[in-house]
Amino acid sequence: MAEVIVVTSGKGGVGKTTTSAAFGTGLAQRGKRTVVIDFDVGLRNLDLIMGVERRVVFDIVNVIQGEAKLNQALIRDKRVDTLAILPASQTRDKDALTKDGVRQIIEELSRDFDYILCDSPAGIEKGAMLALYFADQALIVTNPEVSSVRDSDRILGVLQSRSRRAEEKLGRVKEHLLVTRYDPARVERGEMLKLEDVQEILAIPLLGVVPESESVLRASNTGTPVILDAESIAGQAYKDAVDRFLGEDVPHRFLEPERKGLFRRLFGGRAA
């Protein structure tokens with residue numbers, strides 16, 4: 001059986017879809033058969049970030065409503081052959097998703113994949129609840145700011161009370177903390193929460209810290225998961241997080257402000 005991982009946070013704009021694309025690609029690069037499902041019906045973005053928007057013919061709603069078979073809707077990645085994407089519908093309503101329909105899709109995908117990543121929409125409405133309902137593990141994506149951390153804390157409560165594991169008393173959903181858009185210089189100036197404060201509030205194991213980087217926007221605009229950019233500090237941070245998830249002992253990086261030399265202080269320079 002595949003492991004079902006939800007990528008969630010509660011708050012919008014924290015990097016859930018960027019994380020789903022990067023983390024799913026990273027697992028696939030390690031030889032894990034991985035599929036990423038976009039649950040954001042009506043506002044899909046995963047296909048854009050994965051660079052497959054022109055290849056979308058059918059979507060998750062078509063499959064649930066019997067208008068297409070699952071293998072017709074799955075899009076195989078051309079860069080990593082163990083990776084696939086199941087896009088969301090751009091025109092339907094979130095009510096088109098049903099628990100039984102999602103269950104059938106996950107059961108069918110479990111026969112062919114090692115990991116199923118569920119890219120959750122923001123909030124706790126129907127699409128988000130279905131994205132987390134079947135989860136075995138959860139990547140809690142948060143920015144180092146009070147509102148983001150508060151919403152993530154709320155999602156943790158939902159995971160442990162309203163998921164399938166909670167309802168069927170199968171044990172806790174295993175939670176991992178991923179802090180995104182982390183800027184050590186701003187933390188040092190008191191403009192962002194310290195990593196230690198985020199960890200203390202959420203009290204779940206830290207999987208990774210992804211630094212603020214222009215490469216994330218650049219990768220999104222070109223339809224390339226940022227983890228494929230080996231020169232990017234964000235890409236390197238996502239690779240580290242995947243390695244830790246798979247059991248490797250990898251030290252955390254990019255936690256301290258970069259100390260610029262005289263040349264860079266005079267002529268500037270930004271993180272890649």
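Over the chain, what per residue volume does the convex hull of the Cα atoms give, in whole Å³?
For the chain, the hull spanned by Cα atoms encloses 126 Å³ per residue.
How much net charge surrounds R55 when only other residues with a Cβ under 12 Å from its Cβ are counted (Lys, Arg +1; Asp, Glu -1)?
My count for the surroundings of R55 gives -1.
Return the carbon/sulfur percentage of the accessible area of segment 2-70, one whole number, probe 1.4 Å, all protein chains in place.
Percent of accessible area from carbon and sulfur atoms in segment 2-70: 44.
At 37 °C and 0.692 mPa s, grab the translational diffusion coefficient of segment 119-196 from Stokes-Einstein with a Kirkwood Rh over Cα pairs, rounded to a whole number in µm² per second.
Translational diffusion coefficient: 243 µm²/s.
Using a 1.4 Å probe, what is the accessible area per residue for the chain, in Å²?
Here the residues of the chain average 47 Å² of exposed surface.
In degrees, nearest 10, range 0 to 90: what is the angle between the Cα axis of helix 16-29 and the longest Cα principal axis of the chain?
The answer is roughly 80 degrees.
Using only alpha carbon pairs under 8 Å that are at least six residues apart, calculate the relative contact order of the chain and give it in whole percent.
For the chain, the relative contact order is 23 percent.
Ignoring everything but the protein chains, give the 1.4 Å probe accessible area of I201 in square angstrom, nearest 10.
Accessible surface of I201 is approximately 90 Å².
Lys and Arg at +1, Asp and Glu at -1: add these up for the other residues within a Cβ distance under 13 Å of L228 and post the number.
Result for the local shell: +1.
Alpha carbon centre of segment 221-256 versus segment 169-196: separation in Å?
Cα centres, segment 221-256 to segment 169-196: 15 Å.
What are the semi-axes of the equivalent ellipsoid of segment 1-146, taken as the square roots of 5 times the eigenvalues of the Cα gyration tensor, listed largest first and rounded to whole Å?
Sorted largest first and rounded, they come to 20, 18, 15 Å.
In nm, to one decimal, how far is the modelled label at R55 from the one at D243, with both set 7 Å along Cα→Cβ?
About 2.8 nm separates the two model spin labels.
For R186, put the label point 7 Å out on the Cα→Cβ axis and report which residues of segment 1-33 keep their amide N under 19 Å from it.
9-19
Can you list residues whose amide H is under 5 Å from Y182's amide H, if they're 5+ apart or on another chain and H is modeled 1.01 Å from N?
Amide H to amide H, under 5 Å and 5 or more residues apart or across chains, Y182 pairs with V210, E212.
Just want the answer: with Cβ charges of +1 for Lys and Arg and -1 for Asp and Glu, which residue in M1, T98, P251 is farthest toward the dipole's positive end in the chain?
P251
Determine how many Å³ per residue the convex hull of the Cα atoms of segment 1-68 encloses.
123
The values are calculated or read from the model by the stated rules, or taken from the named source; none is laboratory data. Keep in mind that this is a model prediction, so the values were computed, not measured. Using ideal geometry, Cβ is built from the backbone for each residue, glycine included, and neighbour counts are taken over all protein chains shown. We work out accessible area using only protein heavy atoms, side chains counted, and drop any ligands, DNA or RNA first. Shrake-Rupley method; radii C 1.70, N 1.55, O 1.52, S 1.80 Å.
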